[in-house]
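Reviewing the structure listed below.
Every number in this text was worked out from the coordinates using simple rules, so none of it is lab data. Bear in mind that the values here come from a model prediction, so they are computed numbers and not experimental data. Quick reminder, even Gly has a Cβ in these numbers, built from the backbone with ideal geometry, and neighbours come from all protein chains shown.
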Amino acid sequence: MLQKTIVKNILTMAIILVLSSCNSNKSIGKQSTTTCEMDNTYTSEKGHQFGDRSRSALTAIFRTAKTNNFEAFMNIASDPYIQHSPDLPDGWEPVWKLTTERPAGFSSKKIEWLGSDGLLDNGNFLVMLREVNRGDGTPKSKIVDIMRFDNEGKYAEHWDIRQPLSDKTVSGHSETGTTGKFVEMPVNYSEKQEEANKKTAVKFLNRAFNKGALDNALDNMVYEGYIQHNPMIADGIAPVKEIFKSGKIPALCYDIKYVLAQNDIVVVYSKVTSSAGITAVIDILRIRDGKLVEHWDVVEPVPADKDMPHKNGMF
């Protein structure tokens, strides 16, 4: 059952990467403050009781596309199907066409570390991180898909956020990979700990940005050797402090929409408003022993309503 959690004026670590959509080569001057008036609710679910069912449904969807069996496809799909991607109209027909008419050069690599079979599950949701070559001449991109399944286990709703991959990263780490001792020392967190990790992520973001205590939050809630996969930021705490103190980031308002977790990973999907416009932001955070230890993000500008292929919005 969906739980609505009230959160006040939260900003996320992904504002680092918003620089790329706000003109990363242009200094904004000293960072200004703002009061964020927004809908302070987000959706979260508990547990993993539906994870295997959702994975099976998704696998079956892909299998029917490969065999071109539309009838079987629709037996697994919820109708109506709600689409939030800025690239596809609402309903199942555009999805069917996309999956059965791929360009010759299309490729998609699912990032396996995110969860079992490369899928993080939480309640009726699945989250997938991919590297995609669309085969249409556009740059390779990193994509996060969020998928909701209905109470019957049918695929009912979809969000995706995509961003072109950079040629290199300051940290030297892959934008989608994982590295370091946390990979070599895996954990198996309980549902109780997963819920605590969600609260830790929210507490950090609120303290660091909404309360304006970034240094305090970084010093007390982030691992000293913080592993950074944002392409523009080096590892550690100091580079985060430096980029904020530089004044290159404009005032931003974050409205968190979804918070999902499995094991030591927390995924946060937010609507970000700034002087540059509105941006969809995914933050993926690894949390160990109550501290943030690793960070990935995906950022995509939100098209104007008139340019969206449906009326559902990206959120």
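For n ≥ 4 DSSP H runs only, could you compute -39500 (n - 2.57) per run for the chain, divide by its residues and tell me the 222 nm figure to the nearest 500? It would help to have the intermediate numbers written out before the result.
Working: 8 runs with 71 residues, N = 315.
Mean residue ellipticity, 222 nm, calculated: -6500 deg cm²/dmol.
Taking 32 Å as the cut-off for C-alpha to C-alpha distance, list the pairs among 168/311; 97/192; 46/311; 66/192; 97/257; 142/291 that go past it.
168/311; 97/192; 66/192
Taking the Cβ of residue 104 as the centre, find all other residues whose Cβ is under 13 Å away and add up their charges (Lys, Arg: +1; Asp, Glu: -1). Working shown, then result.
Details: positive: 102, 134; negative: 101, 136.
Result for the local shell: 0.
I need to check one value: relative contact order of the chain, counting alpha carbon pairs closer than 8 Å and at least 6 residues apart, in percent.
Values: 662 pairs, mean separation 78.5, N = 315.
Averaging sequence separation for qualifying contacts and normalising by length gives 25 percent for the chain.
What angle, in degrees between 0 and 90 and rounded to the nearest 10, separates the Cα long axis of helix 51-66 from the longest principal axis of the Cα atoms of the chain?
The two axes meet at around 60 degrees.
Within segment 77-179, which GluC sites (Glu not before Pro) sit in a loop by DSSP and count at most 11 neighbouring Cβ atoms inside 10 Å?
Numbers: sites: 101, 112, 131, 152, 157, 175; in loops: 101, 152, 175.
Here the sparse-neighbourhood loop sites are 101, 152.
Which of the three applies to segment 51-167, rounded, prolate or oblate, going by the alpha-carbon gyration tensor with a ≥ b ≥ c and a/c under 1.5 meaning rounded?
In terms of gyration-tensor shape, oblate.
Holding the Cα-Cα limit at 31 Å, pick out from 199/245; 109/211; 109/203 the pairs that are longer than that.
Numbers: 199/245 26 Å; 109/211 39 Å; 109/203 33 Å.
The answer is 109/211; 109/203.
I'd like the distance between the alpha-carbon centres of segment 174-234 and segment 291-315, rounded to an integer number of Å.
When both Cα centres are located, 21 Å separates them.
Which chymotrypsin sites (Phe, Trp or Tyr not before Pro) in segment 79-172 sit in a loop by DSSP (not H, G, I, E or B) and have at most 14 other Cβ atoms within 10 Å of their own Cβ?
106
Starting from the amide H of residue 157, placed 1.01 Å from N in the peptide plane, find each other amide H under 5 Å away whose residue is 5 or more places distant or on another chain.
Those lying under 5 Å, H to H, from residue 157 are 82, 148.
Restrict the search to segment 153-195; then list the trypsin sites (Lys or Arg not before Pro) that DSSP places in a loop and that have at most 11 other Cβ atoms within 10 Å of their Cβ.
Passing both the DSSP loop test and the Cβ count: 168.
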